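Written out below as structure tokens is the structure these notes cover.
The values are calculated or read from the model by the stated rules, or taken from the named source; none is laboratory data. Note that the coordinates shown come from a computational prediction; the quantities given were computed from them, not determined experimentally. Glycine gets a Cβ as well: all are built from the backbone with ideal geometry, and neighbour counts include every protein chain shown. Only protein heavy atoms, including side chains, enter the accessible area calculation; ligands, DNA and RNA are left aside. Shrake-Rupley method; radii C 1.70, N 1.55, O 1.52, S 1.80 Å.
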Amino acid sequence: MKKFFKWFGIVLGSLIGLIVLVFLGLMLKGNSMLNKKYDAQVEKITIPTDAEAVARGEHWVMAECIGCHGHDLSGGPFFAAPFGYIDAKNLTSGKGGVGSEFTDEDWIRALRHGVGSEGDSLLIMPAQFFRHFSDEDLGEIIAYLKTLPPIDNETREPSFNPLGKALMGAGVFGDSVVVAEYLLDNQLENVSCPPPGVTAEYGEYLVNVSGCRDCHGPALSGGKSADPSAINAPNLTPGGELVAWEEADFIKAIREGEAKSGHKLDPAQMPWEHYKFFSDDELKALWAYLQSLPELATTLP
């Protein structure tokens with residue numbers, strides 16, 4: 001019996017030691033990911049200054065950015081868990097805001113490459129979607145951001161404890177946290193935009209820049225984002241519940257956050273509260289694209 005307990009203790013101690021070593025290895029990997037520097041090659045993009053371009057940029061920002069950075073774009077707490085937190089940046093030129101120090105190149109680097117002005121990867125910054133913006137649209141977005149009134153709000157730098165770093169090193173959060181690393185291995189050759197209009201082609205462009213595939217899956221047949229709190233996102237192809245919808249039902253769901261069935265859409269899961277700023281024509285283009293997709297069976301995560 002003594003021999004049994006002796007060997008049991010040795011095996012148990014070895015297992016505990018192995019677990020500690022694996023944990024430390026993952027923690028060091030996560031820490032390395034957070035501290036890695038990136039040399040993003042920034043494209044030359046013309047930043048317009050005319051009122052019409054700035055207004056178009058504001059339209060994009062309202063539809064794409066306020067969900068994280070707030071309606072006044074001054075940022076604040078965005079993600080918090082027992083293992084760490086991330087604040088959305090203050091985008092204005094007020095105290096604590098990046099707008100007071102960002103150059104045009106810095107804006108492009110952040111929006112298209114997910115890299116900060118110091119070469120660090122921005123966290124949970126959807127550059128993997130925004131990189132699909134055409135040069136013209138991206139230029140108009142930056143033009144508007146440069147006109148924001150200053151708002152003082154000093155946000156915190158991201159922080160992860162050892163558990164958070166280990167989870168990051170294990171890839172639990174997917175590609176959406178340290179986005180620069182993902183973009184480094186998944187470059188786009190040409191960024192272009194079809195002519196704006198109520199067409200399936202333009203609807204596909206809107207889907208790409210808005211990150212719909214992150215939740216609804218690569219084929220939009222259903223999926224789940226890497227967010228631990230995410231729920232299963234529905235199938236948006238004609239093989240899903242939208243087969244019984246009309247264009248007006250889709251527009252109402254995005255505008256008012258209510259499905260045809262009467263089900264209220266949770267804005268934390270389906271960010272309709274900023275997608276509602278898309279124009280009628282843009283929502284019709286989105287609908288046209290979804291209707292053009294093949295009828296696919298629902299994909300379960």
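What the table below lists for this structure:
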read-out	value
Dipole magnitude of the chain about its Cα centre (Cβ charges: Lys, Arg +1; Asp, Glu -1), debye to nearest 20	2040 debye
At R0 = 35 Å, FRET efficiency that the Cβ-Cβ distance of ASP266 and ASP50 yields, to 0.05	0.35
Whole-percent carbon and sulfur share, accessible surface of segment 81-144, 1.4 Å	49 percent
Residues GLU273 and VAL243, FRET efficiency given R0 of 45 Å [Cβ-Cβ distance, rounded to 0.05]	0.95
Accessible area of THR199 in the full protein assembly, 1.4 Å probe (Å², nearest 10)	50 Å²
Cubic angstrom per residue, convex hull over Cα atoms of segment 208-301	93 Å³
From phi via Karplus (6.51, -1.76, 1.60), per-residue ³J(HN,Hα) for segment 85-93 in Hz, x at Gly/Pro	8, 9, 9, 6, 5, 7, 8, 7, 8
Extended-chain gain in nm, criterion 0.36 nm per residue less alpha-carbon gap, ALA81 and GLU154	24.3 nm
Residue-normalised accessible area of segment 23-91, given per residue in Å² at a 1.4 Å probe	55 Å²
Equivalent ellipsoid semi-axes, segment 94-238, via Cα gyration tensor eigenvalues times 5, rooted, Å	26, 24, 14
Label-to-label distance, nm, for residues given as LEU24 and LEU163 (7 Å Cα→Cβ offset)	2.1 nm
Top of ALA40, ALA143, ALA180 by mean-square fluctuation, Gaussian network on the chain, Cα under 10 Å	ALA40
Residue-span extension gain [ALA170 to ILE16] - 0.36 nm each, minus C-alpha spacing	53.6 nm
Rounded FRET efficiency, nearest 0.05, which uses the C-beta distance separating LYS37 from LYS252 and R0 of 35 Å	0.15
Rough spin-label spacing in nm, given labels placed 7 Å along Cα→Cβ, for VAL198 and ASP135	3.2 nm
Accessible solvent surface per residue of segment 154-277, calculated while the other protein chains remain in place, 1.4 angstrom probe, Å²	51 Å²
Antiparallel DSSP beta bridges within the chain, as percent of all bridges there, nearest 5	90 percent
Neighbour net charge for LYS260 - beta-carbon separation under 15 angstrom, K R +1, D E -1	-3
Among (i) 37, 27, 17; (ii) 35, 23, 19; (iii) 26, 22, 19, the entry derived from the coordinates for semi-axes √(5λ) of the Cα gyration tensor in Å	(i)
Length gained when the stretch ASN232-SER292 is fully extended (0.36 nm per residue, less Cα-Cα span)	19.3 nm
Segments 76-84, 201-209 sorted - mean Cβ within 10 Å per residue, highest first	201-209, 76-84
Surface share of carbon and sulfur [accessible, 1.4 angstrom probe, percent] for segment 218-268	55 percent
Inter-site label distance for SER100 and GLN187 at 7 Å from Cα along Cβ, in nm	3.7 nm
Karplus-derived 3J(HN,Hα), 6.51/-1.76/1.60, for each residue of segment 208-220, Hz, glycine and proline x	5, 6, 9, x, 4, 6, 4, 9, 8, x, x, 9, 6
log₁₀ of I(q)/I(0) at q = 0.12, 0.20, 0.21, 0.24 Å⁻¹ - segment 183-254, Debye sum with one point per alpha carbon	-0.42, -1.05, -1.12, -1.26
Kirkwood hydrodynamic radius of segment 259-301, Cα pairs, Å	12.6 Å
